[in-house]
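Bear in mind that the values in this text are calculations on the coordinates, not laboratory data. On a predicted model such as this, the values are computed, not experimentally measured, just so you know. Neighbour counts run over all protein chains shown; Cβ positions are idealised from the backbone, glycine included.
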There are 2 protein chains.
Amino acid sequence: MSYPNNTPPYNYGAPPPSSTQPPYSYGQPPPPGPYSQPPYSSDPTKPPKDSYQGGGYPTPQPGYPSAPYPPQGSSPYGSPFASLVPSAFPPGTDPNLVSSFQMADRDGSGFIDDKELQTALSSYNQSFSLRTVHLLMYHFTNTNTRKIGPKEYTSVFYSLQNWRSIFDRFDRDRSGKIDASELREALLSLGFSVSPIVLDLLVSKFDKSGGKNRAIEYDNFIECCLTVKGLTEKFKEKDTSYTGSASFTYEAFMLTVLPFLIA
Amino acid sequence: MSYPNNTPPYNYGAPPPSSTQPPYSYGQPPPPGPYSQPPYSSDPTKPPKDSYQGGGYPTPQPGYPSAPYPPQGSSPYGSPFASLVPSAFPPGTDPNLVSSFQMADRDGSGFIDDKELQTALSSYNQSFSLRTVHLLMYHFTNTNTRKIGPKEYTSVFYSLQNWRSIFDRFDRDRSGKIDASELREALLSLGFSVSPIVLDLLVSKFDKSGGKNRAIEYDNFIECCLTVKGLTEKFKEKDTSYTGSASFTYEAFMLTVLPFLIA
């Protein structure tokens with residue numbers, strides 16, 4: 001199949017950008033930068049400067065930050081560690097699901113932590129590494145506190161059921177793995193359209209064999225879905241005029257991507 | 001210490017933004033979106049639509065992509081799997097370093113792979129997981145091919161020496177761990193200024209104890225440095241007018257972030 005060379009941004013189903021807001025243009029060399037003394041260490045083989053003279057974040061104060069951090073709510077971006085609001089199971093929830101949560105919530109706090117969630121899911125034949133569990137928790141709470149309540153537990157459970165059935169549908173030979181082509185279809189069926197290059201990168205990252213199999217097992221499929229879904233949703237939040245381009249400050253960029261990088 | 005509430009973007013040492021290009025403004029509600037039928041599955045508990053109707057990436061063709069992928073060089077973004085150019089050791093390189101590379105490069109190809117790099121580094125008391133090795137390779141080659149040559153090997157080696165000495169300098173009590181305050185100073189000495197919130201997120205992500213110690217060991221310190229350095233540099237490439245804000249298309253955003261996923 002011929003592949004269009006310069007298709008405008010893979011805009012995940014967005015309407016074409018309006019003519020007054022052309023999509024961010026690629027392929028142009030950056031203008032000559034005004035950085036006469038960039039604060040970055042540009043040559044990794046050179047030792048760093050002993051004293052940092054750059055601007056940017058306020059100069060460190062002696063003793064800071066051994067003093068308590070400022071209240072996190074003071075950030076204009078909201079806290080990445082915001083507490084979770086207590087919740088209840090939606091009416092009509094399967095009683096087995098309720099009791100599995102209650103068994104996991106040993107101290108009866110109404111919340112379960114990462115290890116308790118891992119255990120609860122494994123009783124449903126859903127075995128995940130703690131990293132995947134952390135990604136799941138982040139996805140359904142939008143905070144990094146690593147606690148979930150009944151409402152989020154229900155969402156986690158039904159999403160996993162759904163993703164499991166999608167995985168099984170595309171794992172036609174029941175090998176326990178799906179290849180790049182099947183991953184692409186699976187992501188499409190979840191509403192995510194990724195380019196062949198992104199697809200390649202996803203397979204290379206989530207293939208446990210380090211690229212030999214060019215295929216993804218179920219647990220890594222879940223990580224992959226959570227990553228694509230999460231990053232796309234975060235991007236969409238910033239792409240307020242739906243042009244296929246989004247602007248980030250440095251701070252927002254870091255707070256957006258870091259939760260997905262290491263779980 | 002009081003912490004300014006609304007300091008303009010943590011601009012990693014950038015000059016103040018010009019008045020004609022105000023930094024991307026936060027705290028404003030997004031305008032009402034025109035998404036009448038978003039292609040995203042917005043409610044994770046709902047099953048996905050069976051047939052995907054969204055636009056975006058070209059409609060799948062029957063059989064695609066079991067046919068060979070289009071040449072990756074056709075992407076306007078360059079290939080994330082570009083081959084590495086063969087290189088030689090810089091004149092004057094420590095002969096021990098040269099011979100350690102030659103020992104690792106068993107087939108004499110002039111390149112070593114991830115496992116060979118892992119072994120070579122461990123002979124210098126630098127023990128890393130394959131995940132960290134992959135991040136190192138990406139950082140010094142800017143591709144995901146997972147091969148490095150003499151030039152990159154030299155850079156990896158001297159950077160690790162440098163980062164080791166920075167780590168040791170800040171690990172004052174020789175505990176093998178540095179805390180948040182020390183991490184902040186260490187990143188500053190590398191030229192990276194991160195906000196307390198980003199710092200908190202970094203510590204929570206890279207702390208092997210899952211947040212109990214609030215401290216980072218040497219190998220995770222390397223992952224942390226590579227992540228902060230890499231993301232900041234990628235951001236800076238997009239922030240061509242040095243305003244502290246950067247625009248990404250969806251494709252560029254995904255291709256920027258995915259290589260840093262530690263999978």
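Net charge within 11 Å of B:Asp105 by Cβ-Cβ distance, Lys/Arg positive one each and Asp/Glu negative one each, not counting B:Asp105 itself?
Here the count lands on -1.
Compute the orientation-averaged projected area for region B:81-260 from the convex hull of its Cα atoms and round it to one decimal in nm². The partial results should precede the final answer.
Numbers: hull surface 46.6 nm².
So the Cα hull casts an average projection of 11.7 nm².
Once the label point is set 7 Å along the Cα-to-beta-carbon vector, what list of distances in nm do you get between A:Glu233 and its counterparts in the other copies?
Distances to the matching label points in the other copies: 3.2 nm.
Report the calculated FRET efficiency for B:Ser122 and A:Ser122 (r = Cβ-Cβ distance, R0 = 25 Å), to the nearest 0.05.
Numbers: r = 33 Å, r/R0 = 1.34.
For B:Ser122 and A:Ser122, the calculated efficiency is 0.15.
P(r) for region A:169-212, please, calculated from all Cα pair distances in 5 Å bins and given in %.
The percentages, shortest bin first, are 5, 23, 30, 26, 14, 2.
Would any residue of region A:145-166 have its amide N under 18 Å from a label point 7 Å out along Cα→Cβ of A:Val98? List them or say none.
A:149-158
Filter B:Lys151/B:Lys177; B:Lys115/B:Lys238; A:Lys238/B:Lys229; A:Lys177/B:Lys177; B:Lys205/B:Lys238; B:Lys115/B:Lys236 down to the pairs with a C-alpha to C-alpha distance above 27 Å, please. Could the numbers behind the result be given before it?
Details: B:Lys151/B:Lys177 31 Å; B:Lys115/B:Lys238 33 Å; A:Lys238/B:Lys229 23 Å; A:Lys177/B:Lys177 39 Å; B:Lys205/B:Lys238 25 Å; B:Lys115/B:Lys236 31 Å.
The answer is B:Lys151/B:Lys177; B:Lys115/B:Lys238; A:Lys177/B:Lys177; B:Lys115/B:Lys236.
Hey, for A:Tyr124 with labels 7 Å out along Cα-Cβ, what do the inter-copy distances come to in nm, ordered shortest first?
So the distances to the same position in the other copies read 4.7 nm.
So, R0 is 22 Å and r is the distance between the beta-carbons of B:Arg172 and B:Ser209; what FRET efficiency does that work out to, to 0.05?
Numbers: r = 20 Å, r/R0 = 0.90.
Working from the Cβ atoms, E equals 0.65.
Using a label position 7 Å from Cα in the Cα→Cβ direction, what is the ascending list of nm distances from A:Asp173 to the same site in the other copies?
Sorted ascending, the copy-to-copy spacings read 5.6 nm.
For region B:169-224 and region A:194-263, write down the distance between their C-alpha centroids in whole Å.
Taking the Cα centre of each part, region B:169-224 and region A:194-263 sit 25 Å apart.
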